[in-house]
Amino acid sequence: MNTYFKTLKSILEGKDAITFFSGAGLSVSSGLPDFRSDKDGFWKSNTPVHFRDFINNSESRKKSWENNLAIHKKISGAVPAKMHNLINELINKNTKNFHITQNIDGLHKNTENPNNVLELHGNIFNCGCLTCSFESTTLDFYEKYKNEADMLCPSCLEGLIKVKTISFGQSLDQNILSIAHQASAKAKNFIVMGSSLKVSPANSFIKVAKANEAKIIILNKDKTPFDDYADIVINDDLENIYEQIK
């Protein structure tokens, strides 16, 4: 075991607060492709819809719903990867630890400490009205209203129903951003897993952690624009890294 892996293993086994930051690479071994490689063309076929287009165009709304249903189908039967489980084990051992994720697939879910998992970009499992407070589970709503001309709210009768993923051009949840900022500022160790760190404002949290003197560790298959920030960079598949530190 080289020095980097020994240091990483020591950090994970320690008591200092860790904030994990994950991207699509965390779920690759669970069967969901990442955006950059997209070997089977899944994301090319399910190109994200801009929020502005969702609001203004019924065909875009239809496409947005189709995309989210395709993700449901893609992850049907998928189970969390070893790194998902490791993160949750460490959160459950020490509730000072947090997991900030860009992922919408729910494989990161922590039933014991759900508030320690911060979904920056929402998730595919719930939907809600953009005008009133109506909410539903995504699949239940779709089965009930899929034959309607448009996904209008059955409660206020005028708002649009959207899956609770954050689209390009849509504002992020300010409360989640605030908690994620605090978790980054308080972390003694900030560990990136499977993120290219190219999406803003999500990539701002590594800057917050660095400014507050956290040790920065980047675990990603490819190089990132923030590698110079890091104390440790390991470029490999997360499953391979896990086998070195388990």
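The values are calculated or read from the model by the stated rules, or taken from the named source; none is laboratory data. A quick note: this is a predicted structure, and the numbers were derived from the prediction, not measured. Because the Cβ atoms are built from the backbone with ideal geometry, glycine has one as well, and the counts that use them run over all protein chains shown.
Does at least one position in the stretch 15-27 carry a residue that is touching a helix residue (DSSP H, G or I) at 6+ places or on another chain (Cβ under 6 Å), surrounded by 18 or more Cβ atoms within 10 Å (Cβ to Cβ) and modelled with pLDDT under 90?
no
For the stretch 166-186, state whether one or more residues are in a strand (DSSP E or B), crowded, with 18+ Cβ neighbours inside 10 Å and under 22 Å from the mean Cα position of the chain (by Cα).
No, the stretch 166-186 contains no residue that is in a strand (DSSP E or B), crowded, with 18+ Cβ neighbours inside 10 Å and under 22 Å from the mean Cα position of the chain (by Cα).
Out of all the residues in the stretch 212-245, which are assigned to a helix (DSSP H, G or I) and touching a residue at least 12 places away in the same chain (Cβ under 8 Å)?
Across the stretch 212-245, the qualifying residues are TYR229, LEU238, GLU239, ILE241, TYR242, GLN244, ILE245.
Is there a residue in the stretch 140-161 that is closer than 27 Å to HIS84 by Cα and surrounded by 14 or more Cβ atoms within 10 Å (Cβ to Cβ)?
No, every residue in the stretch 140-161 fails to be closer than 27 Å to HIS84 by Cα and surrounded by 14 or more Cβ atoms within 10 Å (Cβ to Cβ).
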